[in-house]
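The values are calculated or read from the model by the stated rules, or taken from the named source; none is laboratory data. The model shown is predicted, which means the values in this text are computed figures rather than measured ones. Here the Cβ positions follow ideal geometry from the backbone for every residue, glycine too, while neighbour counts run over all protein chains shown.
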Amino acid sequence: MGLLFWLTVAPLIAAILILAIPKLPQNGYRSIAVLGGVASLIMTLIAWGLFNTGNSGFQLQSTLHWFSFPDAGPASGISIGLNFGVDGLSLPLVTLATVVVTLAMLSMRKTDRIRAYSLWMSLAAAAAIGVFTALDVFTFLVALELGLAAMFFLIYLFGDPDTRVNAAFKFLIYRGVASVMLIIGLLLLAFGVVGAVSGTQPGVSLTSAFNLQFPSLIHWAQTVSTTDFTQGARDAIFMVIFIGVLVEEALVPFHTWLPTAHESSDTATNMLLGGILTKTGAYILLRFGVGMLPGEVRHFGVLIAVLGVINILYGAFVAWHQSDWRRLIAFGSISHMGIVLLGIAAVNSAGLQGAMFMIVSSGLLNALLFYTIGVMGARTETFDMSRLGGLSKQMPMLSGFLLLAALGSLGLPLTSGFISEIQAFVGAFESYPATAFVGVLGLIMSAVYLLYAIQKTTFGPAPAGSSIGIDARPAEYVPLVVLAGLVLLVGVDPQVIGHFFNLSVQALLRIGG
Amino acid sequence: MPTLSIPPQSLLTLGVILFCLGLFGALTRRNIIIVLVCVELMLNAANINLVAFSRLGASPNLDGQVFALFTITVAAAEIAVGLALLLAFFRLRQSSEVKDMNQNKL
Amino acid sequence: MAAYAWIIPLLPLVGYIFLLLLGKKAPEGFVAGVSTILVLIGLGLSLGVFSSLAGTDGAVTYTWKWLSIGSHNIDVGFQVTHLNALMLVVVSLVSTLVFLFSLGYMHKDERFSVFYQYLNLFVFSMLALVISPNLLQMYIFWEMVGLCSYLLVGFWYFKPEAALAAKKSFIVTRIGDVGLFIAIILLFASTGSFDFNTIFQAAASGKIALGFISGSGLITLTAILAFIGAVGKSAQFPLHVWLPDAMEGPTPVSALIHAATMVAAGVYLVARLYPLFELSQPALTVVAWIGGVTALLASLMALTQRDIKRVIAYSTVSQLGYMMMALGVGGYVYGVFHLMTHAFFKALLFLAAGSIIHAIDTQDLFDMGGLRKKMPITFWTFLAGALALSGIVPFAGFWSKDDILTATLKSGHPVLYLFGLIAAFCTAFYIFRVFFLTFAGKPRDEKRYEHAHEGSWVMTLPLIVLAVLATIAGFFNSPLNGNALEKYLLRDAGDAVVAGIPTTSPAYLLGHTYPANVGLMALSVAVGLAGIGLAAWRYANKNREITVPTGEGNFLYMLSYRKFYLDEIYYAIVVAPGKVLAKISDFVDRYIIDGIVVVVSRLVYVIGLGLKYTQTGQLQTYGAATMLGLFVILAIALFRQGGVF
């Protein structure tokens, strides 16, 4: 039970406290949840200090054995329990997760059911962090499912009264299907690798090979030959995982749950969903796709790249026609994830690193956009940009942050968006120049839809009959400044997370050969 | 003590007859009390089998008898719960008929 | 001295952060004073850097690591070449004067401090762009100046026109930027570096190729893609449409960003990448023709505009076209020289226009007239600027424009020369049309005329300084001083020697030079004078009544006035189809993709609805069914055992 264990379960402990302590005032429950998040955040910072940047493997491992199957023959080596560890890829994502969940907890709206809200929020936070700290398939799937359940209740209980039921069930069914695909895919991967090893590697005891931990899976995945673990089996397993990722990640054509969910959720839920929970799919593709089945990613590279470009352009075009800000951000997020796919499809250092940067960047920017829009929406009581206008006059600071977030999203240099885009496209142009050429048009489109929205919202005269809103309150500056600061920090000094990613990129490419 | 030698076939036949009676009763009788009694009948049919094999099985040991004791305990508990439910149900619906226990239907 | 060049862009950044922290309530004089002094220090340093490079060949480069991508390191830093040094001086000088001028022009604006913040941010970005040592860093600041332009065009955000113009300027330049973006990526992919010198050396030595394209093809492709970026930024045809609309911004912004500095960044980009362009004759031809066509078209559009700022804006587009044409025909030095002189006289014209607008609060030329007596300083300085623009000896524009025209003809482009000459005639006509409509004759709007007055010294001093420069700047590179600037700029070609490339390699010759030709000079001056004469006959003639032209039935007039209908054409073939496509995408998303999802969910629901009736709620029925199922399974198992199935 090391640092990462406590880092991940801190929000869970908060959740237990919220359940256990009765009759606290409103802010009490919220404070417990926030404290859980802050504890995670502090431990993340400690993890930064302890992380050895010379080592590209999993570090800070902590294991909590629960049970095993002593009589299960070859499977007797499997230890079921909570195992945690981070490498260069997951540490920045863990950081993103802890930052976003803490800020999301800070931005929970006032409600009679603050206790339930704090509870589900804490559970979702633990799940969001756990997905990235998990070191084995079991822990990973537990976190994934916990996140699914917690998000369902967050949308179902605290969403927009008219649409929340529909949105919550849509979310549940889609993500449930994704989870099923991922469970099947990941277990098949683990068993497939083991089956192949058991067939031909005389020196290896089956018990030691049969293991759900990532380092072992990575090790065997690169050791087994294609004759033992056939190409057909690999392709099938990869496709199962990939389709799971498409649904999980809300990629076209399995994306329709995302705009619906964003449109119906309130600010804190949206920050969590847009900031972290839509990034797990990309992480899965990097971790299990590129990390364990690199040959398949290359094999299906054209498909992935073309899907990426379709997402970039489709997301951008649909976003242009949205009048609800939350739907616009959802489609913008889909467009960003297209860039991630394009970068991953390239399977070279620039592409992979760009994809990793884009995950972080898109998470930060989505959270910032949703927060700003949420605060504005609370003042103006609408998210419909055809009913907004001239907000620069009433809310200059909020308008400024909204502009910054939009500029980051459209990839303006010195924000995190740019550094992600350029790396992803450098990678894509090296591997798939023609596809990348089409994808670059997305850069124009992102400027088009975001600036149209900004022009309608903050520029121009205020529409008649609009109420006078006030600018950001002091407490509201915390999420704004933290998120905007991180967006700029990553943009101005990308090496701050780049040196972690670079470690992982090189490890991943070594596997790919 | 004279050794009783009943062939296992007879015991098993008794069990089958008891079980079928119980099953038929549980599926057809309209009164809940009778249904509960029939369930007991089925459990006892199982008990007879357990005890029979405990003595006359391929490797005689005490496991079957211990199991039978557990079954009897569970059956007692079941009757307690079952009757309590029955009472509650009767107070609610003024009826003790199985066909009236359909409140969970959509 | 050049080692301290990084301080120059840092000063306005300090100013920006300082003003940001100071907030909106800071007194105007303090805000403007701090900003101006910081930029003035920068100007001093720039002059120092400029002169310190006079006797040397080498460029000064300092870099440090920014990011690793795999095994490649990306550096940031700064580099001072002779071209950069000249740009530093031009940018700092114009910025200083505009900062001073804005104190008067923006007086009592409620966002006065914000205005100076944006200006400072712009000057920082522009200076940092100028001294970038590699393409990536240049692109970063290239976009940053675009952002500042967006912010400043939309400075009066409550005006719908300003909001539209800001958005348009960003999106149109973004289209060009994507070209530059691809060019940068392709160059990085083929050479493994963003660094200018590395790329030039790889290109010159033929060590540049990608899987799908040959070396020379790649050079042409990247050069043209980079030029698309320049087309967007420098408002060249066909991406020029944003610049006239950008005149919705405050006039000092028009002077600084949309005349003297940012829009010249496109020209600067081509000049900076000149060794690459010179390796590709097709790319140079494209540059020359786009430049020539832009020069001509924009000057024709400027003939009939009624808004004083729009006339000057089209004039800017046209002059930038001249510069591109010069670079395209191999006149590297002349393009850069014209960039410098143009910065001075165009900033002057805009500031003078700002002075007029400030005085009478209208931009419509037909509401002006007779301002000569009320505003003598503006009158004389505007005259200097107009003469410089028309290319009348000995004003600045004469020397640079004449060099360009000479180079165009001598390098074997007679058609482009003709374009240039026609554009020169139009230029002289339209700027003196403005001049006469503004200053000559009788006031056409008495009420406005009554209020007219010269601005305070902060507004007139920049005009005077710029007027002096517009008069004498041409002499920096005239035959009279042995073409000093030419020799200074061509020292950059010496980098090649330092880098070990043989000097016979044409890649580093930086274009060609042509001796001045008295005959051609006389011809272009005559054309300019003819234009002025026509304008005087039409607009300063006591016998001719000046009326607001309706343009009815005059096709040519309307063609010019409506800017060849390019805005309408673009709307019809780009914007409208884009919107329709977005609408279709949204429809597909809502009703087809999501429709299928809804149909599937309905289907499941209907199946459930049917199966509901099998659930009677009768416990005994369920039990019987279960038993039946059990018997069936048992029977199957038994029969299988017996070998029946």
inquiry  = within 8 Å of another protein chain (Cβ to nearest Cβ), in contact with a Leu (Cβ under 8 Å, 6 or more places away or on another chain) and touching a residue at least 12 places away in the same chain (Cβ under 8 Å): is that true of A:L391 in this structure?
reply    = no
request  = Select from region C:609-624 the residues that are touching a Leu at 6+ places or on another chain (Cβ under 8 Å) and farther than 23 Å from A:L172 by Cβ and write down the one among them that is surrounded by the fewest Cβ atoms within 10 Å (Cβ to Cβ).
outcome  = C:Q615
request  = Hey, can you tell me all the residues within region C:225-236 that are assigned to a helix (DSSP H, G or I) and out of contact with any Ser or Thr (no Cβ under 8 Å at 6 or more places or on another chain)?
outcome  = C:L225, C:A226, C:F227, C:I228, C:G229, C:A230, C:V231
ask   = among the β-branched types (V, I, T) and in a helix (DSSP H, G or I), is that true of C:I546?
value = no
Any hit, region A:489-500, residues being surrounded by fewer than 24 Cβ atoms within 10 Å (Cβ to Cβ) and more than 12 Å from chain C (Cβ to nearest Cβ) = yes
query = How about region C:139-190: which of its residues are within 7 Å of another protein chain (Cβ to nearest Cβ), small (G, A, S) and in contact with a strand residue (DSSP E or B) (Cβ under 8 Å, 6 or more places away or on another chain)?
reply = C:A189
query = Just to be sure, is B:N49 more than 21 Å from C:A625 (Cα to Cα) and in contact (Cβ under 8 Å) with a residue 24 or more places away in the chain?
reply = yes
task = Using the structure shown, decide if C:V123 is under 18 Å from the mean Cα position of the chain (by Cα), closer than 18 Å to C:L13 by Cα and in a helix (DSSP H, G or I).
result = yes
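Taking the condition buried (at least 24 other Cβ atoms within 10 Å of the Cβ), over 14 Å from the mean Cα position of the chain (by Cα) and at pLDDT below 90, does C:G292 pass?
It is false that C:G292 is buried (at least 24 other Cβ atoms within 10 Å of the Cβ), over 14 Å from the mean Cα position of the chain (by Cα) and at pLDDT below 90.
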remark   = Screening C:D361, C:D402 for residues that are in contact with a Gly (Cβ under 8 Å, 6 or more places away or on another chain), among the acidic types (D, E) and in contact (Cβ under 8 Å) with a residue 60 or more places away in the chain leaves only C:D402
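Return the only residue of C:F366, C:F350, C:F344 being at pLDDT 90 or above and out of contact with any His (no Cβ under 9 Å at 6 or more places or on another chain).
C:F344
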Selection from region B:59-106 of residues that are in contact with a helix residue (DSSP H, G or I) (Cβ under 7 Å, 6 or more places away or on another chain), assigned to a helix (DSSP H, G or I) and within 14 Å of chain C (Cβ to nearest Cβ) = B:G82, B:L86, B:R93, B:V98, B:D100
key: Residues satisfying the stated conditions in region A:317-364, i.e. facing chain C (nearest Cβ under 10 Å), out of contact with any strand residue (DSSP E or B) (no Cβ under 7 Å at 6 or more places or on another chain) and closer than 30 Å to C:N73 by Cβ   = A:N348, A:G351, A:L352, A:G354, A:F357
ask   = Is it the case that some residue within region C:208-220 is touching a His at 6+ places or on another chain (Cβ under 9 Å) and either in a helix (DSSP H, G or I) or more than 14 Å from every other protein chain (Cβ to nearest Cβ) (or both)?
value = no
query = Looking only at region A:372-403, which residues are on the phi > 0 side of the Ramachandran plot and touching a Gly at 6+ places or on another chain (Cβ under 7 Å)?
reply = A:G389, A:G390
ask   = When the residues of region A:29-73 are filtered to those that are of a type in the set (G, A, S) and at pLDDT 90 or above, which remaining residue is farthest from the chain's Cα centre (by Cα)?
value = A:S31
task = Tell me which of these C:V253 doesn't satisfy, since it passes every other one: (1) surrounded by 24 or more Cβ atoms within 10 Å (Cβ to Cβ); (2) part of a loop (DSSP other than H, G, I, E, B).
result = (2)
query = Can C:L164 be described as surrounded by fewer than 20 Cβ atoms within 10 Å (Cβ to Cβ), touching a residue at least 24 places away in the same chain (Cβ under 8 Å) and of a type outside the set (F, W, Y)?
reply = yes
inquiry  = Among the residues of region C:599-608, are any in contact (Cβ under 8 Å) with a residue 40 or more places away in the chain and surrounded by 12 or more Cβ atoms within 10 Å (Cβ to Cβ)?
reply    = no
request  = Kindly indicate whether any position in region A:272-283 is touching a strand residue (DSSP E or B) at 6+ places or on another chain (Cβ under 6 Å), touching a residue at least 40 places away in the same chain (Cβ under 8 Å) and within 23 Å of A:F171 (Cα to Cα).
outcome  = no
task = Confirm whether C:L351 is crowded, with 24+ Cβ neighbours inside 10 Å, at negative phi and in a loop (DSSP other than H, G, I, E, B).
result = no
note = Going through region A:424-467 in order, the residues found to be in contact with an Asp or Glu (Cβ under 8 Å, 6 or more places away or on another chain) and either free of Cβ contacts under 8 Å to residues at least 24 places away in the same chain or more than 9 Å from every other protein chain (Cβ to nearest Cβ) (or both) are A:S467
key: Residue among C:K108, C:K65 that alone is within 14 Å of chain A (Cβ to nearest Cβ), among the basic types (K, R) and either out of contact with any Phe, Trp or Tyr (no Cβ under 8 Å at 6 or more places or on another chain) or over 28 Å from C:Y274 (Cβ atoms) (or both)   = C:K65
message = Looking at region A:101-123, can you tell me whether even one residue there is in contact (Cβ under 8 Å) with a residue 60 or more places away in the chain, touching a strand residue (DSSP E or B) at 6+ places or on another chain (Cβ under 7 Å) and surrounded by 14 or more Cβ atoms within 10 Å (Cβ to Cβ)?
response = no
key: Criterion violated by C:M144 - all others in (1) closer than 20 Å to C:A259 by Cβ; (2) in contact (Cβ under 8 Å) with a residue 60 or more places away in the chain; (3) surrounded by fewer than 24 Cβ atoms within 10 Å (Cβ to Cβ) satisfied   = (2)
message = Please go through (1) modelled with pLDDT of 85 or more; (2) in contact with a His (Cβ under 8 Å, 6 or more places away or on another chain) for C:Y488 and return the number of the only condition it doesn't satisfy.
response = (1)
task = Give, as residue ranges, the helices (runs of 4 or more DSSP H) completely inside region C:573-645 that count at least 3 residues that are within 8 Å of another protein chain (Cβ to nearest Cβ), in contact with a Phe, Trp or Tyr (Cβ under 8 Å, 6 or more places away or on another chain) and not hydrophobic (A, V, I, L, M, F, W, C).
result = C:576-587
